[in-house]
Amino acid sequence: MFKVKIKQISIVLLSSVFALISFEFFLNFSPFVSNTSPVRYDEKVGMWHKENYVGYIQDECYKTKYIFDHQGLQKNVYNYDKTKKDVILLGASMIEALMVKNKNIIHNSLAREFNRKYNFMNYALAGSGPTQQYVILKDKVNLENVKYVIHFIEIEGDLLDVVSANLSPLARPKVFVEFSSLNDYRIVPPRDKTIVDTIGDFLGNYQLYNYLKKVIYHIKDSHVIKNNKPIKKTDNNNHTDDLSTNWLFIKGAIHQINNLLKLADKNIEYRIILTSNNNKNVTDMEKFLKFENIKYMHLNNIFKNNGMDLRGFKCDTHWNDETHKNIAKLINISSFIN
């Protein structure tokens, strides 16, 4: 009897493994191909792009191939030139831009606009905010050859991303920086790598990953609804909660990046590009940046004054190829950097 049960269990396990392998094979070579995970666990940031990795991201209106180099950066069209200065780009998913054709992403568009005068390097990371971007700059960027740091800040989104309370329990781990003042802060490192992270990193290389993630989120949402817990929705432009701590954290991150670049004593210039349709938030941020003596541009106004729109994909709010190229053109003609 015992032997029969062992045999039955073995058959079920082998059948399950075979079914998963077959399903993965089917997904890779079918119209239903989905997204693999572009990130892995990172002890400094919590998550970082996989090095030397090629993947696809797909939605209703695009299917785009993305390529990460040996540092886990969006691939540059041009080879690195040691004789030229570096321009570092910081930001979140708008700048990471997996869905934009590589040659058109902001760093490659800037390289064309500036006739390859600099090495434009894209350190943007989806799901990050200014506090994580401060750690990325501090721990992942070699400042020896840097001339400019261009920091893209989407005010409403970044205000919510800088506090750990808004991190989903199902999300990848993140480093956080908590400020008690602009100069007093503590770095809260990402949690130690767990077996869940190890499994996630392994499964993230396969098409099954995205489907499994959807199932987990569906189960979670079903549990919330079953227990009559309201699902929180936020309107970034009309958020009425007390955001004083969020403002301190975002300003603290900017202040510390500014200090870091000054302390590097290499004449590195810090530039900020703001996006927001909330006039009050823009006014608040502009006042702070003037106090910090940081050169900035408000992208929404610049585009409007030039008769252009910050266009996104039809099926996605992320900026499309045209917008990336236009941002590079406007940075060039505005003398935002020399």
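The values are calculated or read from the model by the stated rules, or taken from the named source; none is laboratory data. Everything quoted here is computed from the prediction, not taken from an experiment. Neighbour counts run over all protein chains shown; Cβ positions are idealised from the backbone, glycine included. Heavy atoms of the whole protein, side chains included, go into the accessibility calculation; ligands, DNA and RNA do not. Shrake-Rupley method; radii C 1.70, N 1.55, O 1.52, S 1.80 Å.
When you scan segment 96-113, do you find a residue that is free of Cβ contacts under 8 Å to residues at least 60 places away in the same chain and touching a His at 6+ places or on another chain (Cβ under 8 Å), even just one? Looking through segment 96-113, none of the residues is free of Cβ contacts under 8 Å to residues at least 60 places away in the same chain and touching a His at 6+ places or on another chain (Cβ under 8 Å). Annotation: of all residues in segment 233-288 being in a loop (DSSP other than H, G, I, E, B) and among the β-branched types (Val, Ile, Thr), the one that is modelled with the lowest pLDDT is Thr234. In segment 142-178, of all residues being assigned to a loop (DSSP other than H, G, I, E, B) and over 16 Å from the mean Cα position of the chain (by Cα), the one that is surrounded by the fewest Cβ atoms within 10 Å (Cβ to Cβ) corresponds to Pro169. When residues in segment 114-124 are screened for being touching a residue at least 40 places away in the same chain (Cβ under 8 Å), open to solvent by 10 Å² or more (accessible area, probe 1.4 Å) and of a type outside the set (Phe, Trp, Tyr), 2 of them pass. Tallying residues that are free of Cβ contacts under 8 Å to residues at least 60 places away in the same chain, in contact with a helix residue (DSSP H, G or I) (Cβ under 6 Å, 6 or more places away or on another chain) and under 21 Å from Ser335 (Cα atoms) within segment 241-293 yields 1. Could you check, for segment 141-150, whether at least one of its residues is within 19 Å of Val39 (Cβ to Cβ), touching a helix residue (DSSP H, G or I) at 6+ places or on another chain (Cβ under 8 Å) and either aromatic (Phe, Trp, Tyr) or modelled with pLDDT of 95 or more (or both)? No, segment 141-150 contains no residue that is within 19 Å of Val39 (Cβ to Cβ), touching a helix residue (DSSP H, G or I) at 6+ places or on another chain (Cβ under 8 Å) and either aromatic (Phe, Trp, Tyr) or modelled with pLDDT of 95 or more (or both). Entry remark, segment 289-329: residues being surrounded by 18 or more Cβ atoms within 10 Å (Cβ to Cβ), assigned to a helix (DSSP H, G or I) and not polar (S, T, N, Q) number 9 in total.
Of the residues contained in segment 67-82, one or more are found to be aliphatic (A, V, I, L, M), closer than 20 Å to His324 by Cβ and over 12 Å from the mean Cα position of the chain (by Cα). For segment 245-256, the count of residues that are aliphatic (A, V, I, L, M) and farther than 18 Å from Arg186 by Cβ is zero.
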